[in-house]
1. Short version: ³J(HN,Hα) in whole Hz for each residue of the range 221-230, in order, from phi by Karplus 6.51 cos²θ - 1.76 cosθ + 1.60 (θ = phi - 60°), x for Gly and Pro, what are they?
2. With θ set to phi - 60°, apply the Karplus curve 6.51 cos²θ - 1.76 cosθ + 1.60 along the range 60-71 and write out the HN-Hα couplings as whole Hz, x wherever there is a Gly or Pro.
3. For a quick check: with amide H placed at 1.01 Å from N, whose amide H comes under 5 Å from residue 34's, ignoring anything fewer than 5 positions away on the same chain?
4. For the chain, just list the percent of Cα-Cα distances falling in each 10 Å bin from zero outward, please.
5. Given H placed on each backbone N at 1.01 Å, which residues far from residue 330 in sequence or on other chains put an amide H within less than 5 Å of it?
6. Relative to 2.2 N^0.38 Å, what does the C-alpha radius of gyration of the range 129-177 come to as a ratio? Two decimals please.
7. Where Rh denotes the Kirkwood radius from the mean inverse Cα pair distance, what is Rg over Rh for the range 116-238?
8. Sequence gap at least 6, Cα distance under 8 Å: using those rules, report the relative contact order of the range 116-238 to the nearest whole percent.
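The values are calculated or read from the model by the stated rules, or taken from the named source; none is laboratory data. Note that this is a predicted model, so its numbers are computed, not measured. So basically every Cβ, Gly included, is an ideal-geometry build from the backbone, and we count neighbours across all protein chains shown. Please note that ligands, DNA and RNA were not included when accessible areas were found on the heavy atoms of the full protein model with its side chains. Shrake-Rupley method; radii C 1.70, N 1.55, O 1.52, S 1.80 Å.
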Amino acid sequence: MSQDAPILIIGAGQAGATAAAALRALGHDGGIVMVGGEAHAPYERPPLSKAVLADEQQDERIGVHAPGFYAEQGIDLRLATTVASLDPASATAHCADGQAISFSRCLLATGGRARALPALPEGQPRVHYLRSLADARGLRAALRRERAVLVIGGGFLGLETASTARAMGLAVTVVEAAPLLLQRAVPSVFSDWLAQRVRGLGIDLRLGCGIASIPPAADEVAVMLADGTALRAPLAVVAIGLHPNVGLAEAAGLALHPGNGGIQVDAHCRTSAPGVFAAGDCASQYQPLFGQEMRLESWQNANEQARIAAAAMLGVPTAPSALPWFWTDQLGCNIQMLGAMDPALRYTLRGSMEAPGADTPPRFLLLGMAGAQLRHAIAVNAGGDLRPLRNLIEQGTACDIGLLCDTALPLKQAAREATAVRASETQS
Ligand SMILES: Cc1cc2nc3c(=O)[nH]c(=O)nc-3n(C[C@H](O)[C@H](O)[C@H](O)COP(=O)(O)OP(=O)(O)OC[C@H]3O[C@@H](n4cnc5c(N)ncnc54)[C@H](O)[C@@H]3O)c2cc1C
């Protein structure tokens, strides 16, 4: 492995673009080659189900970096190019177009692709999946053409898409197999609140409804639910999860996690092959807060792992990964989450889940406690309130939940007093 060869980044998405910038910021002045299968320079995916879906003017505003960034930083960006194989032993990658790229170190930032529903495959007329800008453009055109849409899957992506489609004036039906929304990410009290909010916006939400069959239909999509209900719509969006893009890694003999299918990395984003790193949606890493190895499919995780991988590639010490944080904009609310959800936590409300008025959105926190320790916080239209809570979760500081949820005190003060009370109890 020649140290003079460039660093190769495979995948020009969130993690790839962030890693390239981090390498330069950390002083790497050698070559960087970034190869991306899409025709676009790296762009942010979160707006695809939100602003981009409703407004084509956003298409040009979602670049991870400004258009001139890659040339200015001497980053050799090769778009519309797919890496077809990777040989860690000879430190060489081969692209589908025949070019071979030697590297000193390599970052796999290959992301993932939408999980397919076999009876409604991608490419079938009236069926849409949403992962790329091209997908968003296709779906946007269809949403403008049609009056109704059936969203299959009530996860974050399905709910965001449903919410945007509803705001565009379509009749929207959401079908979710689980009995609760976002069951693995939020406590049931929040799932119930979300369901109420979804229905309040006039979205027809079918919970606990598995799909029994999908009969062929001309000029529409027809779905038969397990409870016998038949649904028909001129348009369907399938949002049932993600498969990590790990084909390259698997063929190269890298270790994959047997459960989540991601490329296994250590705390420095090193894979099982020397000189090869992985970051973002494709990577599986031990998450101390969750107590298990996981793939975190989030914007923040892609950026964090990219930063850590870049430092590790250069042998530069860096801060450990920040607390998991996630946000979503949907149903007229900004929802942010910090820490790790666990159904065993006891959740307490700060504020009110009721909207104070028709035009004023609700504003509240749901705080998940393990004994006297805060482990998980959900903020609805109150993202700034997560700041004083970050230290509490990170350090496992004991705190008094009654004081923390006392809205007579500003949150910063409440957090201070809630920990002081517990500290004095411990001392006495
Ligand atoms: C519609 C949508 C909305 C989202 N909303 C939110 C949100 O609100 N909040 C949040 O936290 N997260 C959100 N996310 C998730 C977040 O965008 C992802 O977690 C993040 O983009 C992951 O970054 P990544 O670099 O790992 O993968 P990606 O951004 O997917 O980039 C991977 C890139 O690698 C390329 N590639 C793959 N294989 C090869 C190969 N062999 N050769 C060359 N190139 C290759 C792919 O084409 C792709 O361009 C959303 C995602 C989507 C799709």
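1. These are the phi-based 3J(HN,Hα) values: 10, 10, 9, 9, 7, 4, 7, x, 6, 9 Hz.
2. Calculated HN-Hα couplings, in order: 8, 10, 10, x, 5, 10, 4, x, x, 4, 5, 5 Hz.
3. Counting only residues 5 or more places away or on other chains, the set is 9, 76, 77, 78.
4. 4, 20, 27, 26, 17, 6, 1, 0
5. 335
6. This ratio for the range 129-177 stands at 1.05.
7. Rounded to two decimals, Rg over Rh is 0.94.
8. Relative contact order here is 30 percent.
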